[in-house]
Amino acid sequence: EIRVWQRFKRSARRVGGRCWAQRPKRCAMSALDADELWTLLLAYRGKHGGASASANAASSSRQVASAAPSSAAGSGEDWRFNLVRSVGEECQTEEELRKLLQRKSEFILYDGFEPSGRMHIAQGVFKALNVNKCTKAGGVFIFWVADWFALMNDKMGGDLEKIKVVGQYFIEVWKATGMDMSRVRFRWSSDDIINSAKEYWGQALDIARNSTIARVKRCGQIMGRKSDSLSAAQIMYPIMQSTDIFFLKADICQLGVDQRKVNMLARDYCDSVGRSQAKPIILSHHMLYGLAAGQAKMSKSNPDSAVFMEDSPADVERKIRNAYCPTKPEEKAAKAGEDEEMSLVKDDLMNPCLDYVQHILFSQDGYVFKANGKTYSSHEDVRAAFLSGEISEKSLKDRLIEEINTLLDPVRKHFKENETARDCLSKITEWKKENLVAPKVLTRLHISPPLPDKVFVVFAPLPSESLQLEVVFGVVHRLKQAPQGVQSVLWLEDWSASALGCVGGKPECIRAFYDLLIFGVKSLAPELMQSLRICWQGEMILTGPSEYWISVINAGRLFDLGDISSALPYGETLVYASQVFATLMHVADVLAFSGCSHITLCCDMYHKRMHHLALRMYDYHDLVLHELKLIESPKLRLLEDGEGAVADVNVMLTDKEIDVNKKIKKSFCMPQNIAFCPPVTWVSELLKFQREFVVQRKPDNGGDKSYSDVEALREDFASGALHPGDLKPALGRALNALLEPLRSELKDQDALKKAVKELENFTKAQSKKK
């Protein structure tokens, strides 16, 4: 056949003409592709080319990975559609699948598997059958070895090395099942995520930002846990699984019905961000029933609920003989199945033996079922014969045992003769006998280059569309608390800001805000820069992405959603998955400093609760964080809360002279009212940067007066000796004097000009949306 195929390609027109004459009458297509011509050629050779050709064609028909589709598949592109569609119990959507196959001769499918113990027949034989159907139609099948997901679910005791051994065991099984490995790719999630950390986590954070907690909770089924008992790490799981789809550039998600909700999350994300044309197609295959009554899904925790790929013939016989095999629906079993929500097709009978017949035996190309001297060409015929009594339970199970053992024999042989496969199975078997518990291991980001033993850490505020001067003052005040000779660190949470959607989650705007913040600190307190190290969160993560994200996952395994909610800043409610990510990332950020012998965290109220959550992680690992300081930013709003727009009632680092004067003129300043007087509060802050504050007045009003401390100014204002009409202009002049050197640099430095422009453009775009 190989020689004929080679000659066939050289003379396609001549042979094609003969094949066209022999085509079925229902074949209404105007052209044939190579696979269809090959199918017809085999039939032509069988009719005109001798018995050997017919024998070869017949022999190949029973192979799962045969070179061409069955003639029943249809014409044109229909055979490809029918073959791929036959894999799924549901397809979202069939129209999209047709268009994909029309558009692409080669397409990408993906399935992720979590290495978690032995492989049952659904993962082994059933998956191989489905994969081969897809690859036959032109698919390239990517298996995403989800070792990180297994780690989050505490599989194999939370030991990543053991998980990797299980992953290799899965691959060895598929090699032996007859899976078409020429069009299958295995990619390990931990390796790929590390090597493409910026791309992967950028996508993950974007999905988290656009996904509510309520929506993600609906995916709890994929972890085999009820949604009300999820840990924080298990909120990460569906987000990461959705990320896999886009990261792998998958056209089709070919997973089980139990994964349907998380796959639909990826489609929902596409809708929310306007990527409707890039939606992945969801092809969800049937979940094989467990062998006990009412088991809508096989259970690895119950070895007798499923046939496993390396089961002995005796194991197979015992399990099938004992398998639930009703001839009529039983209420208790049906109700148990409904509770699992594992099937999209109603089946009141829920007979696992008939399920095996349909989805394992009849998924093989050209399969016929034989019992009591009769043959049955479809699973419907077998079912009808069994329910009518034509096929007894014993006869059904006899044939099932024989066929399953035939399918498993190559796997048994492989695990007996192949050293790698044998070693994997031996280790897994021993581990299953142990009570594996997730180890208490400290994994953290190692900041590079290393920090000295004593550090004083300030977490910068999250970005906004404009940089208020009071924010810069607050950072300066916190940095000034650092003891002499101690390394100060300013930590910029740029990735967390992206996750939380600060300034639209746009990296360029986040960068612009922090560039301006650094510039403000440097300009107002240049002496701080000598002992200050600036750390961009994203840059630090990329120096050790594996350690960092494992520390995030580990924190998520320790804390539940209640812990996350309690750690949010005052006034915030847990709504989006991104809040879970950002909070756990903060814990990992703080944990990164645990290598220092003396650590002081200095924060405002925004970070206070998150710092306390991080301290719980320190306690868990018996670490010491020596001091937590709370230094609030000054409140310099020019009007009372609720009055005026943010841009009008706050002085910005980038304000021009006319802007400052206008804002100060409109500021609240009632004569003799010291209880709330923003200009007086501003003077108290300015005196930390200037030696004196000068009020210029006419001689008739008392003449000029200088203040070196705010208390004297307060007394004069309270007594009426200092009038708002004199205080406000003086404050305007003082502020402009402070900002004038900064304005010159903002005009001269290209990087700063670009930063200002980025935030201005963002603000304009937001105002247009309103």
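The values are calculated or read from the model by the stated rules, or taken from the named source; none is laboratory data. Please read all numbers here as calculations on a predicted model, not as lab measurements. Here the Cβ is made from the backbone with ideal geometry for all residues, glycine too, and neighbour counts use every protein chain on show. We work out accessible area using only protein heavy atoms, side chains counted, and drop any ligands, DNA or RNA first. Shrake-Rupley method; radii C 1.70, N 1.55, O 1.52, S 1.80 Å.
Gln484 fulfils the conditions (1) modelled with pLDDT of 95 or more; (2) surrounded by fewer than 21 Cβ atoms within 10 Å (Cβ to Cβ); (3) of a type in the set (S, T, N, Q) except for a single criterion, (1). Elements of the type helices (runs of 4 or more DSSP H) sitting completely within the stretch 115-211 and holding at least 1 residues that are under 27 Å from Cys353 (Cβ atoms) and of a type outside the set (Asp, Glu): these cover 127-136, 160-177. For the stretch 119-131, does any single residue satisfy the condition of being touching a strand residue (DSSP E or B) at 6+ places or on another chain (Cβ under 6 Å) and open to solvent by 10 Å² or more (accessible area, probe 1.4 Å)? Yes: one or more hits.
Does Glu465 count as open to solvent by 30 Å² or more (accessible area, probe 1.4 Å), touching a residue at least 12 places away in the same chain (Cβ under 8 Å) and within 30 Å of Pro634 (Cα to Cα)? I'd like the intermediate steps shown before the answer.
On the way: open to solvent by 30 Å² or more (accessible area, probe 1.4 Å): yes; touching a residue at least 12 places away in the same chain (Cβ under 8 Å): yes; within 30 Å of Pro634 (Cα to Cα): yes.
So Glu465 passes the test.
For the stretch 626-646, filtered to residues that are surrounded by 15 or more Cβ atoms within 10 Å (Cβ to Cβ) and aliphatic (A, V, I, L, M), the residue that is nearest to Leu469 (Cα to Cα) is Leu636.
Residues in the stretch 133-166 that are out of contact with any helix residue (DSSP H, G or I) (no Cβ under 9 Å at 6 or more places or on another chain) and either over 19 Å from Gln241 (Cβ atoms) or acidic (Asp, Glu) (or both): Glu161 alone. Out of all the residues in the stretch 660-671, is one or more in a helix (DSSP H, G or I) and surrounded by fewer than 16 Cβ atoms within 10 Å (Cβ to Cβ)? Looking through the stretch 660-671, at least one residue is in a helix (DSSP H, G or I) and surrounded by fewer than 16 Cβ atoms within 10 Å (Cβ to Cβ).
Looking only at residues in the stretch 708-734 that are assigned to a loop (DSSP other than H, G, I, E, B) and either at positive phi or of a type outside the set (Gly, Ala, Ser) (or both), which one is surrounded by the most Cβ atoms within 10 Å (Cβ to Cβ)?
So in the stretch 708-734, the residues assigned to a loop (DSSP other than H, G, I, E, B) come out as 708-709, 720-723.
From what's left, either at positive phi or of a type outside the set (Gly, Ala, Ser) (or both): 709, 720, 722-723.
Values: Asp709: 12, Gly720: 9, Leu722: 25, His723: 17.
Per the criteria, the residue is Leu722.
Of all residues being over 20 Å from the mean Cα position of the chain (by Cα) and touching a residue at least 40 places away in the same chain (Cβ under 8 Å) in the stretch 102-116, which is most open to solvent (accessible area, probe 1.4 Å)? Just the residue, please. Across the stretch 102-116, the extreme among qualifying residues is Lys104. What are the pairs with Cβ atoms under 9 angstrom where one residue, in the stretch 487-514, is within 21 Å of Ala525 (Cα to Cα) and the other, located anywhere, is polar (S, T, N, Q) and open to solvent by less than 10 Å² (accessible area, probe 1.4 Å)? Sequence gap at least six, or different chains. As it stands, the answer is Trp491/Gln537; Leu492/Gln537, since those pairs meet every condition given. Taking (1) surrounded by fewer than 13 Cβ atoms within 10 Å (Cβ to Cβ); (2) farther than 28 Å from Val521 by Cβ; (3) β-branched (Val, Ile, Thr) in turn, Val695 satisfies each apart from (1).
Taking every residue in the stretch 118-130 that is farther than 17 Å from Trp144 by Cα and pairing it with any residue that is open to solvent by 10 Å² or more (accessible area, probe 1.4 Å) and small (Gly, Ala, Ser), at least 6 positions away or on another chain, the pairs with Cβ-Cβ distances below 6 Å are Leu129/Ser363. Condition check: open to solvent by 10 Å² or more (accessible area, probe 1.4 Å), within 15 Å of the chain's Cα centre (by Cα), on the phi < 0 side of the Ramachandran plot and not hydrophobic (A, V, I, L, M, F, W, C). Does Ser196 satisfy that? Answer is yes for this residue. Looking for something among the polar types (S, T, N, Q), surrounded by fewer than 24 Cβ atoms within 10 Å (Cβ to Cβ) and under 30 Å from Leu83 (Cβ atoms) - is there at least one such residue anywhere in the stretch 252-261? Looking for residues that are among the polar types (S, T, N, Q), surrounded by fewer than 24 Cβ atoms within 10 Å (Cβ to Cβ) and under 30 Å from Leu83 (Cβ atoms), one finds at least one in the stretch 252-261, hence yes. When each of Leu722, Leu731, Leu752 is tested for being modelled with pLDDT of 95 or more and closer than 21 Å to Asp648 by Cβ, the lone residue that passes is Leu731. Counting residues in the stretch 403-425 that are assigned to a loop (DSSP other than H, G, I, E, B) and either of a type outside the set (Lys, Arg) or in contact with a Lys or Arg (Cβ under 7 Å, 6 or more places away or on another chain) (or both) gives one or more. Of the helices (runs of 4 or more DSSP H) lying entirely inside the stretch 508-625, those carrying at least 1 residues that are of a type in the set (Gly, Ala, Ser) and open to solvent by 20 Å² or more (accessible area, probe 1.4 Å) are 545-558, 561-567. Selection of the stretch 735-755 for residues being open to solvent by 50 Å² or more (accessible area, probe 1.4 Å) and assigned to a helix (DSSP H, G or I) yields Ala737, Glu740, Pro741, Ser744, Glu745, Lys747, Asp748, Asp750, Ala751, Lys753, Lys754.
Tell me which residues, restricted to the stretch 385-399, are among the basic types (Lys, Arg) and open to solvent by less than 80 Å² (accessible area, probe 1.4 Å). Selection gives Lys397, Arg399.
Take the stretch 402-439 and flag every residue that is basic (Lys, Arg) and either surrounded by 11 or more Cβ atoms within 10 Å (Cβ to Cβ) or in contact with a Pro (Cβ under 6 Å, 6 or more places away or on another chain) (or both).
Our first condition is that a residue be basic (Lys, Arg); within the stretch 402-439, this holds for 412-413, 416, 422, 427, 432-433.
Listed by number, the residues that qualify are Arg412, Lys413, Lys416, Arg422, Lys427, Lys432.
Against the definition (open to solvent by 10 Å² or more (accessible area, probe 1.4 Å), under 19 Å from the mean Cα position of the chain (by Cα) and within 28 Å of Val84 (Cβ to Cβ)), how does Met240 come out, yes or no?
Values: open to solvent by 10 Å² or more (accessible area, probe 1.4 Å): no; under 19 Å from the mean Cα position of the chain (by Cα): yes; within 28 Å of Val84 (Cβ to Cβ): yes.
Considered against the rule, which asks whether it is open to solvent by 10 Å² or more (accessible area, probe 1.4 Å), under 19 Å from the mean Cα position of the chain (by Cα) and within 28 Å of Val84 (Cβ to Cβ), Met240 comes out as no.
On the given criteria, is Leu759 assigned to a helix (DSSP H, G or I), farther than 23 Å from Lys665 by Cβ and touching a residue at least 40 places away in the same chain (Cβ under 8 Å)? Judged against the criteria, Leu759 is a match. For the stretch 427-465, the set of residues classified as out of contact with any helix residue (DSSP H, G or I) (no Cβ under 7 Å at 6 or more places or on another chain) and either at pLDDT below 90 or part of a strand (DSSP E or B) (or both) consists of Thr429, Glu430, Lys432, Lys433, Glu434, Asn435, Lys440, Val441, Leu442, Lys454, Phe456, listed by residue number.
Answer yes or no: is there a residue in the stretch 662-685 that is under 30 Å from Cys596 (Cβ atoms) and free of Cβ contacts under 8 Å to residues at least 60 places away in the same chain. It would help to see each step written out before you state the result.
Step one: list which residues in the stretch 662-685 are under 30 Å from Cys596 (Cβ atoms), which gives none.
Among the residues of the stretch 662-685, not one is under 30 Å from Cys596 (Cβ atoms) and free of Cβ contacts under 8 Å to residues at least 60 places away in the same chain, which makes the answer no.
On the stretch given as the stretch 661-692, residues that are under 46 Å from the mean Cα position of the chain (by Cα) and over 24 Å from Ala712 (Cβ atoms) total 1.
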